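Have a look at the structure below, then the notes.
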Amino acid sequence: MVVSARQAAYDFRDAVALVTGGASGIGEACVRALAAAHAHVVVGDLTLEAAEQLAGELDGRSGRVVPVQVDVTDQARVEALGAYVQATFGRLDLAVNSAGIGVTNQPVVDHDPEMWRNVLAVNLDGTFLSLRMELDLIRRTAGRGSIVNMASVLAHRGWAGSAAYVASKHAVIGLTRAAALENAEQGVRVNSVSPGFIETPLLVERHDAEARAAMGALHPLQRLGSPDEVAETVLWLLSDSATFVTGADFAVEGGFLSR
Ligand SMILES: NC(=O)c1ccc[n+]([C@@H]2O[C@H](COP(=O)([O-])OP(=O)(O)OC[C@H]3O[C@@H](n4cnc5c(N)ncnc54)[C@H](O)[C@@H]3O)[C@@H](O)[C@H]2O)c1
């Protein structure tokens, strides 16, 4: 008999979670999984319409699910998001930093510096600004909590034509480790997850079916991953099943990094 992992659902009742980049792909899967586990969820995303649509579907089924427009590269907007969470729920317990943008297909020698800065601004500065706000808010309100940053297999390997993305994701691992050390005694755990290639809009919009099949074949499990498979590990890290885990990175990548 195949037992679905979904049968072992977590219970995040009364907890308040923030998911940046929560309106699409991996972030959306985390929002759905957290809502199914009874958490209140704030869907923070640049794309308000998609966040509103998701919240409209999930709000009130168990906990509340509320959309907020945020650009994670904008410190004032990120801080305003924190103030909104505090005013609305009075606390923050959990956070997933999934807002990110993809590969640029530019070799370093020809790389457009503006594009470089844009990728680093979202993937690294955005994670830093979100993390900074979340740590402060969790420490002042819930007192303890758990945060997951979205890294990538490209936080562990090079990839020709994607230096900005590769550099940003390597840096997310370093940021995660430093933040974990600084917040361990306060009871806030900080970890990262490194997905392999996952079938999300970020990937589908840039690659046709043939290219996606070739990307799937890079994984020993011979396929792309699904957003739900990443969310499973994220929820475990957020939960009290992972109370002795901090500063770690978890690969959800069909064996990609074992090659
Ligand atoms: N899809 C993959 O194969 C894959 C693999 C490894 C890591 N990741 C990482 O997972 C995360 C999510 O990727 P995805 O594939 O789900 O992408 P996606 O494009 O489906 O979702 C990303 C979300 O982030 C939002 N976003 C983008 N810039 C933002 C900003 N400045 N402020 C706020 N929100 C912003 C987008 O609107 C979108 O809703 C990213 O950090 C990505 O680097 C993805």
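The values are calculated or read from the model by the stated rules, or taken from the named source; none is laboratory data. Bear in mind that the values here come from a model prediction, so they are computed numbers and not experimental data. We place every Cβ from the backbone using ideal geometry, glycine too, and count neighbours over all the protein chains shown. Side chains included, ligands, DNA and RNA excluded: accessible areas come from the protein's heavy atoms. Shrake-Rupley method; radii C 1.70, N 1.55, O 1.52, S 1.80 Å.
For the range 169-206, a residue qualifies if it is aliphatic (A, V, I, L, M), more than 7 Å from the ligand (Cβ to nearest atom) and within 18 Å of Val234 (Cβ to Cβ), and the qualifying residues are Val172, Ile173, Leu175, Ala179, Ala180, Val188, Val190, Val193. When the range 237-247 is filtered for residues that are open to solvent by 30 Å² or more (accessible area, probe 1.4 Å) and touching a Phe, Trp or Tyr at 6+ places or on another chain (Cβ under 8 Å), only Ser241 remains. Is there a residue in the range 60-81 that is free of Cβ contacts under 8 Å to residues at least 12 places away in the same chain and aliphatic (A, V, I, L, M)? Yes, the range 60-81 has at least one match. The residue list Phe89, Phe128 contains one member that is open to solvent by 10 Å² or more (accessible area, probe 1.4 Å), touching a residue at least 40 places away in the same chain (Cβ under 8 Å) and touching a His at 6+ places or on another chain (Cβ under 8 Å), which is Phe89.
Among residues of the range 200-218 being touching a Gly at 6+ places or on another chain (Cβ under 7 Å) and either charged (D, E, K, R) or assigned to a loop (DSSP other than H, G, I, E, B) (or both), the one that is surrounded by the fewest Cβ atoms within 10 Å (Cβ to Cβ) is Arg206. For the range 43-57, the condition holds for at least one residue, the condition being that it is open to solvent by 20 Å² or more (accessible area, probe 1.4 Å), over 19 Å from Ala151 (Cβ atoms), more than 20 Å from the chain's Cα centre (by Cα) and modelled with pLDDT of 95 or more. Applying a threshold of 6 Å to beta carbon distances and a minimum spacing of six or more residues, or different chains, the list of pairs starting in the range 157-168 at a residue that is at pLDDT 95 or above and ending at one that is open to solvent by less than 40 Å² (accessible area, probe 1.4 Å) and of a type in the set (S, T, N, Q) reads Ala164/Thr104; Ser168/Asn123. Just for the range 144-168: of the residues that are within 24 Å of Val108 (Cβ to Cβ), among the aliphatic types (A, V, I, L, M) and more than 8 Å from the ligand (Cβ to nearest atom), which one is surrounded by the most Cβ atoms within 10 Å (Cβ to Cβ)? For the range 144-168, the residue satisfying everything is Ala155. Of the numbered criteria (1) open to solvent by 30 Å² or more (accessible area, probe 1.4 Å); (2) within 11 Å of the ligand (Cβ to nearest atom); (3) among the aromatic types (Phe, Trp, Tyr), the one Phe250 fails is (2). Going by what's in this entry, would Gly21 be described as at pLDDT 95 or above, closer than 16 Å to Leu81 by Cβ and open to solvent by less than 60 Å² (accessible area, probe 1.4 Å)? Here the answer is yes, as Gly21 does meet what is asked. Among the residues of the range 101-117, just one is near the ligand (Cβ under 9 Å from one of its atoms) and either more than 17 Å from Leu154 (Cα to Cα) or modelled with pLDDT of 95 or more (or both), namely Ile101.
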